[in-house]
Amino acid sequence: MDISKIDLLIRASVDGPLTDELVEPMLGTLTREAFCDLFSKRVAHEFAADRLTFEVGDAAMNRLYSFAGRNSGGNIPSYTWDVYLAFDAGEYFRREDPEDVDPVEKYTRPDVLEIVARDNAGEDAPTCQLSGKQ
């Protein structure tokens, strides 16, 4: 799958849900699970490289979570789940944290950087590879 197509879906997910009509034409030979992992990988890597804001990444992962859950009987791929949880962790403040703590920087960024480091080391990375420039 061409990276630019995933990028378009990431941006589109900010404004509305990921629907079958948006995703199906882009699947090609990919399974829905492989698509979810590739989408999640792109969000994680772009956020880690500071090319994607938390707000866009969080919206994209929330939309993907809804899409994946709706279309797989609630069976969300583990890689997608890890990225989703990393972004979810940045959505709220915790009582035990001082008021000046940024949950994105304290929770999301380290978790995403760990996921990206695992990818770069070849551990638990999605089995399909993105085509094109990263």
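The values are calculated or read from the model by the stated rules, or taken from the named source; none is laboratory data. Since we're looking at a predicted model, the values are computed, not measured. In this analysis, Cβ positions are derived from the backbone assuming ideal geometry, glycine residues included, and neighbour counts consider all displayed protein chains.
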Tally time: how many residues in the stretch 108-134 are among the basic types (Lys, Arg) and at pLDDT below 50?
1
The listed residue being modelled with pLDDT under 95 and surrounded by fewer than 17 Cβ atoms within 10 Å (Cβ to Cβ), out of Glu21, Glu105
Glu21
For residues in the stretch 69-102 being over 16 Å from His45 (Cα atoms) and β-branched (Val, Ile, Thr), which is surrounded by the fewest Cβ atoms within 10 Å (Cβ to Cβ)?
Val101
Test result for Asp58, closer than 17 Å to Val116 by Cβ, surrounded by 22 or more Cβ atoms within 10 Å (Cβ to Cβ) and modelled with pLDDT of 95 or more:
yes
Within the stretch 69-82, how many residues turn out to be part of a helix (DSSP H, G or I) and either more than 18 Å from Pro17 (Cβ to Cβ) or in contact with an Asp or Glu (Cβ under 8 Å, 6 or more places away or on another chain) (or both)?
6
Might you let me know whether the stretch 66-77 holds any residue that is modelled with pLDDT of 95 or more and under 12 Å from the mean Cα position of the chain (by Cα)?
no
Restricting to the stretch 83-107, give me the number of residues that are more than 22 Å from Asp15 (Cβ to Cβ) and either touching a strand residue (DSSP E or B) at 6+ places or on another chain (Cβ under 7 Å) or part of a helix (DSSP H, G or I) (or both).
6
Suppose the filter is within 17 Å of Asp7 (Cβ to Cβ), within 17 Å of the chain's Cα centre (by Cα) and basic (Lys, Arg); does Arg63 pass it?
yes
Among the residues of the stretch 13-29, are any of a type outside the set (D, E, K, R), within 22 Å of Arg118 (Cβ to Cβ) and not in a loop (DSSP other than H, G, I, E, B)?
no
Close pairs from the stretch 33-54: first at negative phi, partner at pLDDT 95 or above and outside any helix (DSSP H, G or I), Cβ under 7 Å, at least 6 apart:
Val43/Leu52; Glu46/Leu52; Phe54/Gly90
